[in-house]
Amino acid sequence: MTGTGRVTVLPLLHLWPDRYCVLAYTGTGAFGDTAVVGCAPVPGVPEVSLLDVAARHEPQRLYGSPAGRPEFAAACWLICTGWSGRGTPQPRSLDLRAAAWALDTERTIELGQTMYGHDRLCLGRFTLVDEALMGAAVKVLPDCAG
């Protein structure tokens, strides 16, 4: 999957106290109905399962667990994380107004209802096409990340 548009890149503390990954969030499709959330690869930083990260936060307590859609709550939590990172940016985050990107899609989750303006979530490995922007994305990590 590829696209061009607004991309928010932020450090995500996924394992206390010092394990971070680079999370990227954007939207695509008609009116941005598809949320795209992924981890950007960082040399020396192990890849992370974002669904596992979401599950550790027990998102079903907030979003519920609709029958037949076991990943609904985790998908909502991940979309909220990207959406909130855009609305309340961290000091190290990036807000790229028009960036070309690619997602090596691992999973698509249909939400069954609109959440944060999205009807589905595509998850995977996220890269920015521009190498300079990709280098800037890696730099959102704190020095202790790894």
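The values are calculated or read from the model by the stated rules, or taken from the named source; none is laboratory data. Bear in mind the structure is a predicted one, so any value in this text is a computation, not a measurement. In this analysis, Cβ positions are derived from the backbone assuming ideal geometry, glycine residues included, and neighbour counts consider all displayed protein chains. Heavy atoms of the whole protein, side chains included, go into the accessibility calculation; ligands, DNA and RNA do not. Shrake-Rupley method; radii C 1.70, N 1.55, O 1.52, S 1.80 Å.
Observations, loosely collected:
- Residue check, residue 98 small (Gly, Ala, Ser), more than 25 Å from residue 142 (Cβ to Cβ), open to solvent by 40 Å² or more (accessible area, probe 1.4 Å) and at pLDDT 95 or above: yes
- Across segment 89-109, the number of residues qualifying as assigned to a loop (DSSP other than H, G, I, E, B) and touching a Ser or Thr at 6+ places or on another chain (Cβ under 9 Å) comes to 2.
- Residue in segment 104-112 that is of a type outside the set (D, E, K, R), open to solvent by less than 30 Å² (accessible area, probe 1.4 Å) and within 14 Å of the chain's Cα centre (by Cα) present: yes
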